[in-house]
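Novice: The structure follows.
Each reported figure results from applying straightforward, stated rules to the coordinates on display, with no laboratory input. This structure is a prediction, so every number in the text was calculated from the model and none was measured. Note that we place each Cβ from the backbone using ideal geometry, even for glycine, and neighbour counts take in every protein chain shown.
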């Protein structure tokens, strides 16, 4: 569904299986980052992502609960904004499960808020917390 709105520049990371974040008893999470060119605004893109989640069967649940799909808007170019959406996504630099696949797509991307590359942010994060176990999901598993 995201390829439908991309106007070029499509890049995608492998899909990674990681341990869950949040309450115990959840199954593994699957994480991927995609990057693409988009000509409409950040608000329209966020609404499209949330609509896509509903279309794909996301059910309302509490914070940190497992879910069928979760699409987050990490960046919209070099936009910095507060409110909805907050950009860059406020948790991006604190999440290995985001930074690892983001490094596959754009390791040299400079976070406009902190002024450091994604790769630098990942290295820094992994020195302050234990690296997560990442397993690449093979195409035949999908």
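Novice: What do you get when you divide the Cα radius of gyration of region 28-75 by 2.2 N^0.38 Å, with N the number of residues?
Specialist: Normalised Cα radius of gyration, region 28-75: 1.24.
Novice: Taking other Cβ within 10 Å of each residue's Cβ, how do 63, 44 sort, fewest first?
Specialist: By the 10 Å Cβ count, ascending, the order reads 63, 44.
Novice: Hey, got the Cα dimensions of the chain along the principal axes, in Å, largest first?
Specialist: For the chain, the Cα extents along the three principal axes come out at 38, 36, 33 Å.
Novice: With each pseudo-label sitting 7 Å past Cα toward Cβ, what's the residue 129-residue 80 distance in nm, one decimal?
Specialist: Reported label-point gap for residue 129 and residue 80 is 2.4 nm.
Novice: Still on this structure, please answer the following. If one computes the Cα centroid of region 23-50 and of region 72-142, what distance in Å separates the two points?
Specialist: Each part reduced to its Cα centre gives a spacing of 12 Å.
Novice: Within 10 Å of each residue's Cβ, count the other Cβ atoms and sort 97, 134 from fewest upward.
Specialist: Going from sparsest to densest Cβ surroundings: 134, 97.
Novice: Could I have the simple spin-label model distance between residue 5 and residue 110, label points 7 Å from Cα toward Cβ, reported in nm to one decimal?
Specialist: The modelled label-to-label distance comes out at 2.8 nm.
Novice: 7 Å from Cα along Cα→Cβ at both residue 120 and residue 68: what's the point-to-point distance in nm?
Specialist: 4.2 nm
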